[in-house]
Amino acid sequence: MPNDSEEYRRECEARYVMKMGDERRNTYYQGVLQKRGKAKANELIDDVNRIRKKEKANVEM
């Protein structure tokens, strides 16, 4: 995936947010909600959850 694509930007943001603590992550989500709207906030949440599930599956046996 090219590093100047929207898909790459979303992946980077989701990985960045995923590494945050719960309180900071929730504050970040609220900022996205206020600035970009509910659809984009939900999109980010879905991206973070997708990456978490993928990484969890790679660890579980």
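Sorting Glu13, Glu23, Glu55 on the 10 Å Cβ count, fewest up front, what's the list?
Glu23, Glu55, Glu13
Take the alpha carbon gyration tensor of the stretch 7-61, find the square roots of its eigenvalues, order them as a ≥ b ≥ c, and report rounded if a/c is under 1.5; if not, report prolate when a/b exceeds b/c, else oblate.
Working: a/c = 2.37, a/b = 1.72, b/c = 1.37.
It is prolate, given that a/c is not under 1.5 and a/b is the larger ratio.
For the chain, what relative contact order do you get, as a whole percent, if you take Cα pairs closer than 8 Å and at least 6 residues apart?
On the way: 28 pairs, mean separation 20.5, N = 61.
Relative contact order for the chain comes out at 34 percent.
With +1 on the Cβ of every Lys and Arg and -1 on the Cβ of every Asp and Glu, and nothing else charged, how large is the dipole of the stretch 13-53 about its Cα centre, in debye rounded to the nearest 20?
On the way: 11 positive and 6 negative charges, 14 e Å.
Dipole magnitude for the stretch 13-53 comes out near 60 debye.
222 nm [θ] for the chain, helices only, -39500 (n - 2.57) per DSSP H run of 4+, per residue, to 500? Let's see the in-between values first.
Values: 3 runs with 50 residues, N = 61.
The helix contribution divided over the chain gives -27500 deg cm²/dmol.
Can you find, among Tyr8, Asn49, Leu33, the residue sitting farthest towards the positive end of the charge dipole of the chain, where Lys and Arg contribute +1 and Asp and Glu -1 at Cβ?
Leu33
Where in the chain are there trypsin sites (Lys or Arg not before Pro) that are in a DSSP coil and have at most 10 other Cβ atoms within 10 angstrom of their Cβ? Walk me through the intermediate numbers first.
On the way: sites: Arg9, Arg10, Arg15, Lys19, Arg24, Arg25, Lys35, Arg36, Lys38, Lys40, Arg50, Arg52, Lys53, Lys54, Lys56; in loops: Lys19.
Those that pass, being in a loop and sparsely packed, are Lys19.
Every number in this text was worked out from the coordinates using simple rules, so none of it is lab data. From a predicted model like this one, the values you see are computed outputs, not experimental measurements. When we count neighbours, we look across all protein chains shown, and the Cβ atoms used for this are built from the backbone with ideal geometry, even at glycine.
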